[in-house]
Structures are given as structure tokens and as C-alpha cells.
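First comes the structure, then the notes that go with it.
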Amino acid sequence: MPIIPVGVIGTVEVQPVNSSMLRPFKTVTIRFGKPMRMPGPANPEDPMEGHDHTECRAFTDDLMHEIARLSERHYVDEYVPSKASQAAQ
């Protein structure tokens, strides 16, 4: 299935962080990107056969870069560490 990246601009102006009050008459812009598709599995009957995590990660990075572009934000290349990596520290 295609994934539609969406960027939103102006939400902080409408409701600033830690504010319980909305600021009316501010503009929020929603931008939709072109549909993106991750390559399908080689074997649709067994999608995990030959699964390559790096391919999934590369697609996710591309998607996040597009969302950052649409949002006029800087992309931050940071992920929540896995429990396994936290246990190893």
C-alpha cells in the first residue's frame, strides 16, 4: 500500500507549548507529499523470507526526510534505542 507523507506547519502558533488556550485566526498549513511505496517482499506468501531490516530502515529514513521537508523542519536522525542496546550498556 502507498504511504502518503504529510507535513503540518503552524500548530505551535495556534496552540503554543504548555498553553491551554488556542489562538484563533492563526494559519495551519497541511501539505501532502507524493505517495511512497516500500518495495514488496520477494515472496508474498512468506513476507519475512529474506527480510532485510536495512531496506525497511532506508525507506523509513526517506519517509521521515519527506515529512521534514513538507513540514519545513530539520530532520533529526535519532531513534529510540532498543531494549537490547540499553541492556548492553
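Does residue 57 count as open to solvent by 90 Å² or more (accessible area, probe 1.4 Å) and not β-branched (Val, Ile, Thr)?
On the way: open to solvent by 90 Å² or more (accessible area, probe 1.4 Å): no; not β-branched (Val, Ile, Thr): yes.
It is false that residue 57 is open to solvent by 90 Å² or more (accessible area, probe 1.4 Å) and not β-branched (Val, Ile, Thr).
Filter region 27-54 for residues that are surrounded by 12 or more Cβ atoms within 10 Å (Cβ to Cβ) and of a type in the set (Lys, Arg) and give the result.
Result: 31, single match.
Looking at (1) under 21 Å from residue 1 (Cβ atoms); (2) open to solvent by less than 100 Å² (accessible area, probe 1.4 Å), can you tell me which one residue 24 breaks?
(1)
Please identify the pairs in which a residue from region 23-45 that is hydroxyl-bearing (Ser, Thr, Tyr) and modelled with pLDDT of 90 or more has its Cβ atom under 9 Å from the Cβ atom of a residue that is assigned to a strand (DSSP E or B) and surrounded by 10 or more Cβ atoms within 10 Å (Cβ to Cβ), counting only partners at least 6 apart or on another chain.
From region 23-45, the pairs are 27/9; 29/7; 29/8; 29/9.
Give region 5-36 a look and list any residue that's touching a helix residue (DSSP H, G or I) at 6+ places or on another chain (Cβ under 8 Å) and polar (S, T, N, Q), or say none.
Passing the criteria: only 27.
The values are calculated or read from the model by the stated rules, or taken from the named source; none is laboratory data. All values reported here derive from a predicted model rather than from experimental measurement. When we count neighbours, we look across all protein chains shown, and the Cβ atoms used for this are built from the backbone with ideal geometry, even at glycine. Just so you know, the surface numbers come from the protein's heavy atoms only, side chains and all, with ligands and any DNA or RNA stripped out. Shrake-Rupley method; radii C 1.70, N 1.55, O 1.52, S 1.80 Å.
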